[in-house]
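Structure first, commentary second.
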Amino acid sequence: MERNLRIATRGSRLALAQFEIISKILRKVGINAEPVILKSHGEVDTVTPLYMIGERGIFVRKLNDAVLEGKADAAVHSAKDIPAELQEELRIVFFSDRGDPRDYFVGSSGFLSFKGSVGSGSIRRRMFLSLVNRNMKFIDIRGNIDTRIEKWKNGEVDSLIVAKVALDRLNIFPPGEIIPEEICPPDPNQGFIAVVAPKEGFASRIFSKIQKESSLWEAGREREIMNELNLGCDKAISIRADYPSRKVKFSYANEERRVDLVFSGDVSSGDIKKMRDAIE
């Protein structure tokens, strides 16, 4: 007999596309996913840059609260949005396969030769790309992917930088080019969809049965390191774990320099110290 799971999600096209990816996975094991659509504080305030808001997990808490209040059985998020600490009763019960983790430069010329305004509120993108092109003038821009592309089309900014995976999931193909990871490495967990649910219960049991080891290892390693470093979104940090090689690449950039470190296997306390020293 088919079972139902109520899954909290934001109402943007991208959020609903990600819900549908999870829903499709669940249908294969006889589970029907029902969306519970909510609007987060991060969507209400679409002006203040994320790194200035101060509240971690700005897009996450309201959906998770719906789970705690019994309005939903689980919540689906972009994994990179989930803060280190969740409410005590909850945990991440599932990571999807990783989509393309790279960034995409939306514009009429290549990003290396570009001169003009770039719409992006990401400190990571700003710092890494400024090291290869000082002619980019970054402007904080908020809103969902459709809103940002519309702002670019209207001439509010000369170009945009967005997550390639977001374009893929929405089947949007704006002019521009992929930015190689070697130039702008991705956010930790970029490309993963995550599901949050109570630590015990039906949702947790179902998702644990369908979790792939490769996705759990990569997403888990990246989150563990971010938690150890205890950093917010005001530092230009990339952590990229690779399951086949069992290696983790750490990158940091500021206005003057860039540091890249590679670690193998389990990351030790000594490795964490090396990362902290690189940031300081």
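The values are calculated or read from the model by the stated rules, or taken from the named source; none is laboratory data. If you're wondering where the values come from, they're calculated on a predicted model, not measured in any experiment. Heads up, the Cβs are rebuilt from the backbone with ideal geometry, glycines too, and the neighbour counts pull from every protein chain shown. Accessible surface areas use protein heavy atoms only, side chains included; no ligands, DNA or RNA. Shrake-Rupley method; radii C 1.70, N 1.55, O 1.52, S 1.80 Å.
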Checklist entry - In whole percent, how big is the carbon plus sulfur part of the accessible area of the chain, probe 1.4 Å, protein atoms only? => result 48
Item to check | Overall form of the range 137-183 per C-alpha gyration tensor (a/c, 1.5; a/b vs b/c) | outcome: oblate
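Considering only DSSP beta bridges whose two residues both sit in the chain, what percent are antiparallel, to the nearest 5? Each step should come with its number before you reach the end.
Values: 31 of 47 bridges.
Taking every DSSP beta bridge with both residues in the chain, the antiparallel ones total about 65 percent.
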Item to check | Convex hull per residue volume in Å³, alpha carbons only, for the range 136-280 | outcome: 158
Next on the checklist: Just to be sure I understand: with springs between alpha-carbon atoms less than 10 Å apart, which residue in F207, F105, F263 has the highest mean-square fluctuation in the Gaussian network model of the chain?
Outcome noted: F263
Checklist entry - In debye to the nearest 20, how big a dipole does the range 162-215 give about its Cα centre with +1 on each Lys and Arg Cβ and -1 on each Asp and Glu Cβ? => result 420
Next on the checklist: Restricting to DSSP H runs of at least four residues, report the calculated mean residue ellipticity at 222 nm for the chain, -39500 (n - 2.57) per run over all residues, nearest 500 deg cm²/dmol.
Outcome noted: -9500 deg cm²/dmol
Checklist outcome for this item: Rounded to whole angstroms and listed largest first, the alpha-carbon spread of the chain along its three principal axes comes to 59, 48, 32
Item to check | Surface per residue (accessible, 1.4 Å probe) for the range 148-249, Å² | outcome: 45
Checklist entry - Picking from L16, L261, L167, which is most flexible by a Gaussian network model of the chain using Cα springs under 10 Å? => result L261
Item to check | For the range 77-136, convex hull volume per residue from C-alpha positions, Å³ | outcome: 113
